[in-house]
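Here is the structure we will look at.
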Amino acid sequence: MSYSVSVQTPASRVATAAAAVLILVLIALPFFAGRGTIRDMFFILTMLVLAQFWNLLAGYGGLVSIGQQAFVGAGAYALFGAVILWGIDPVPAILLSGVAALVIAVPTAFFAFRLNGAYFAIGTWVIAEVVRLLVAQWKTLGGGTGTSLPREATRDMWFVSLIEDALGVRSAAARDILAYWLALLLALATIGGIYWLLRTRRGLALAAVRDNVEAAKSVGVDASRMKWIVFLTSALGTGLAGGLIYMQKARISPDAAFSVTDWTAYVIFIVVIGGIGTIEGPIIGVLVFFALQSLLADFGSWYLMSLGVLAIVVMLVAPRGLWGLLSGRTGLHLFPIRRRLSGGQLTQAEE
Amino acid sequence: MIWIDTVLQGILLGGLYALFAAGLSLVFGIMRLVNLAHGDLIVMGAYLILVLVTLLGLPPFAALLIAMPVMFCLGWGLQKFLLNRTLGDDILPPLLVTFGLSVVLQNALLETFSADSQRLPTDALTTASLQVGPIALGVMPLLTFASAVLVIVGLNQLFYRTSLGRAFRATSDDAVTASLMGIRPANIFATATGIALVIVTIAALYLGLRANFDPNIGPARLIYAFEAVIIGGLGSLWGTLAGGIIIGVAQTVGAAVNPEWQILSGHIAFLIVLLVRPRGLFPRAND
């Protein structure tokens, strides 16, 4: 009798179809949505990318980092450096953001991997502080007060005039649309890439390392290599997102680009509230985060306080987050990675 | 001469960092818990003392005597009702809950006391100095350093001379076996966090007397404390003092070269120690 191993579930087939429609709508969004919506969507998509990479690191790799702002900041400053010092166009310069984050990530990992668990967390934070303090010494990029992208560079950016003509919008709106499309591309590549990684042999090894390091090592998984792969991948993605975020902002300062609240605290809350260790979790989390922000943004510190309380409650009551609650009740998996056996002898016996 | 002066000031500054770190070291040593809200608890302690000083018109050192039991109860409750629920094999819950707590505390302080920087009222004592040969040493830094040494001596006495200390050590070694001997680990942990917050209050007093503070400075204090603990080696209180001194000296020497390098050189010293001695200078615990 033949048997088959399948990963797909009926829900995931429906989800794939729905996702295809959703992606088409998102691509077409600038044709019918206003500038405010595009900016909100840009924010949601970039936070989603940061959340997915932090989730890869902490949820799958077991590496709780509080130093992701190092890679956002490094990516952002690399973009500004490339544009201001070398005159490179901001769009291709985003790729350099990823490279810069990787360059920072190698020594960071070298130091931080000497520390375990909670000490790893604070160790990454210290290194992010060191990078921030060093960048603040870089006088040509504005030192501690920061700098802006030159007007010519943002005006003549790739694709901007194309979008202006095609959609009949002003230059500033065209830049927002370009940033939005790039963010959409990055978010889709991130989710697709992480989903692909988790379904490969590497992903299986990663899950094994997360669940039990010693057991994984005993069946021949190279645990420290997996840690490196996860750390460098998430640094690369976080750096790209950092470059893109600051390309859109067009204004940078060390305190903003290396902000632990903006680029790590929010991201951690998004992942924890949505559901750590799942691809669906950060998606739910970022929507909850955005809804809360729209509701409570006027209340300043009350907003952050309630986000913190919500994260603590979720961690204590439902450690797998909102998505974990939902999928636990319904058995729903939109991005299934479990391999299930069907057909074969068992089915015959049942018949 | 100016270099000797700089190094001496650094050593005394190290006393403050050791005070920041002692509570962290204690809690980690007993329950392997790293409290990411530690820095914000220090800042909260400073505000508590400030409130007592302003409302009751007490001198800061008298306010400390009232603040210490308050903070002990707070720490006890915090551990018993919140943090104990996060302990276990998984490292995520304690990290994420204390990180959330840190953000909540920071913003609660911001909402209550605004972002303005505050300072505890100072008197003649805070600005007085002792002339030792050609070098002038501030009375306040000397007092801080002496307090750090006293706190560490006190903690060591508590650990090795009392039945509570025996319970601490037993629970730290093996909580399950300790509970068979009639110890309740949950209460032992709560007491330990209570004591840690008493030390935090002492640290907060000197923080508030020596410099301005505002609700946002907590995380930086956590980082200094953490660096001192790691440099010293986990589980060694005297090591923590040595770690604090190394950070302090690195900062004052760095600042003497270029004022912008003060914080940076402290961090660099930490990274160098981590590179050369990954387990710290005086390691004892195995994790």
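The values are calculated or read from the model by the stated rules, or taken from the named source; none is laboratory data. All of these numbers come straight from a predicted model, not from anything done at the bench. Cβ atoms come from the backbone with ideal geometry, glycine included; neighbour counts cover every protein chain shown.
Of all residue pairs spaced 6 or more apart or on separate chains, none has beta-carbon atoms under 8 Å together with a first member in the stretch A:212-240 that is at positive phi and a second member that is modelled with pLDDT of 90 or more.
So which residues in the stretch A:247-264 are surrounded by 24 or more Cβ atoms within 10 Å (Cβ to Cβ) and within 14 Å of chain B (Cβ to nearest Cβ), if there are any at all? Passing the criteria: A:Pro254, A:Phe258, A:Trp263, A:Thr264.
Is it true that some residue in the stretch A:60-71 is of a type in the set (Phe, Trp, Tyr), closer than 21 Å to B:Pro219 by Cβ and either assigned to a helix (DSSP H, G or I) or more than 14 Å from chain B (Cβ to nearest Cβ) (or both)? Yes: one or more hits. Scanning the stretch A:140-181 for residues that are among the charged types (D, E, K, R) and at pLDDT 90 or above turns up A:Arg175, A:Asp176.
Total residues in the stretch B:262-280 satisfying the condition of being in contact with a helix residue (DSSP H, G or I) (Cβ under 6 Å, 6 or more places away or on another chain) and farther than 17 Å from A:Ile127 by Cβ: the figure is 2.
One residue alone among B:Phe81, B:Phe99 is of a type in the set (Phe, Trp, Tyr) and surrounded by 14 or more Cβ atoms within 10 Å (Cβ to Cβ), and that residue is B:Phe99. For the stretch A:321-334, indicate whether the set of residues that are hydroxyl-bearing (Ser, Thr, Tyr), surrounded by 15 or more Cβ atoms within 10 Å (Cβ to Cβ) and within 13 Å of chain B (Cβ to nearest Cβ) is non-empty. Looking through the stretch A:321-334, none of the residues is hydroxyl-bearing (Ser, Thr, Tyr), surrounded by 15 or more Cβ atoms within 10 Å (Cβ to Cβ) and within 13 Å of chain B (Cβ to nearest Cβ). Checked against (1) touching a residue at least 12 places away in the same chain (Cβ under 8 Å); (2) among the hydrophobic types (A, V, I, L, M, F, W, C); (3) closer than 18 Å to B:Val198 by Cα, B:Leu65 meets all criteria but (1).
Would you mind stating whether A:Arg151 is surrounded by fewer than 16 Cβ atoms within 10 Å (Cβ to Cβ) and of a type in the set (Lys, Arg)? Answer is yes for this residue. Pairing each residue of the stretch A:149-172 that is under 22 Å from A:Trp86 (Cα atoms) and without any contact (Cβ under 8 Å) to a residue 40 or more places away in the chain with any residue that is of a type in the set (D, E, K, R) and surrounded by 13 or more Cβ atoms within 10 Å (Cβ to Cβ), provided the two are 6+ apart or on different chains, yields C-beta distances under 6 Å for A:Val160/A:Arg175. Evaluate the stretch B:101-119: report whether one residue or more is in a helix (DSSP H, G or I) and at pLDDT below 90. Within the stretch B:101-119 (the criterion being in a helix (DSSP H, G or I) and at pLDDT below 90), the answer is no, since none of the residues qualifies.
Taking the numbered list (1) assigned to a helix (DSSP H, G or I); (2) surrounded by fewer than 22 Cβ atoms within 10 Å (Cβ to Cβ) in turn, A:Leu244 passes all entries but (2).
Screening A:Gly275 on (1) more than 13 Å from chain B (Cβ to nearest Cβ); (2) under 23 Å from A:Gly203 (Cα atoms); (3) in contact with a Leu (Cβ under 7 Å, 6 or more places away or on another chain); (4) crowded, with 24+ Cβ neighbours inside 10 Å shows it passes everything except condition (1). Per the conditions (1) aromatic (Phe, Trp, Tyr); (2) touching a residue at least 12 places away in the same chain (Cβ under 8 Å); (3) more than 15 Å from A:Val72 (Cβ to Cβ), the sole criterion not satisfied by A:Trp263 is (3). The selection criterion, being in contact with a helix residue (DSSP H, G or I) (Cβ under 8 Å, 6 or more places away or on another chain), among the small types (Gly, Ala, Ser), over 24 Å from B:Ser114 (Cα atoms) and not in a helix (DSSP H, G or I), holds for A:Gly277.
The residues listed here are A:Leu134, A:Leu188, A:Leu184, A:Leu96; of these, the one that is at pLDDT below 95 and surrounded by fewer than 22 Cβ atoms within 10 Å (Cβ to Cβ) is A:Leu134.
Checking each residue in the stretch B:80-100 for being more than 7 Å from chain A (Cβ to nearest Cβ) and not in a helix (DSSP H, G or I) picks out B:Leu87, B:Gly88, B:Asp89, B:Asp90.
Answer yes or no: is there a residue in the stretch A:296-307 that is surrounded by 15 or more Cβ atoms within 10 Å (Cβ to Cβ), away from every other protein chain (no Cβ under 13 Å) and either closer than 30 Å to B:Glu111 by Cβ or at pLDDT 90 or above (or both). Among the residues of the stretch A:296-307, not one is surrounded by 15 or more Cβ atoms within 10 Å (Cβ to Cβ), away from every other protein chain (no Cβ under 13 Å) and either closer than 30 Å to B:Glu111 by Cβ or at pLDDT 90 or above (or both), which makes the answer no. Anything in the stretch B:107-136 that is under 22 Å from the mean Cα position of the chain (by Cα) and facing another protein chain (nearest Cβ under 8 Å)? List them, or say none. If the condition is that a residue be under 22 Å from the mean Cα position of the chain (by Cα) and facing another protein chain (nearest Cβ under 8 Å), then B:Asn107, B:Ala108, B:Leu110 are the ones that fit.
Of all residues in the stretch B:175-229, exactly one satisfies the criterion of being within 26 Å of B:Val273 (Cα to Cα) and of a type in the set (Lys, Arg), namely B:Arg221.
Inside the stretch A:80-130, residues that are within 14 Å of chain B (Cβ to nearest Cβ), aromatic (Phe, Trp, Tyr) and touching a residue at least 12 places away in the same chain (Cβ under 8 Å) make up a count of 4.
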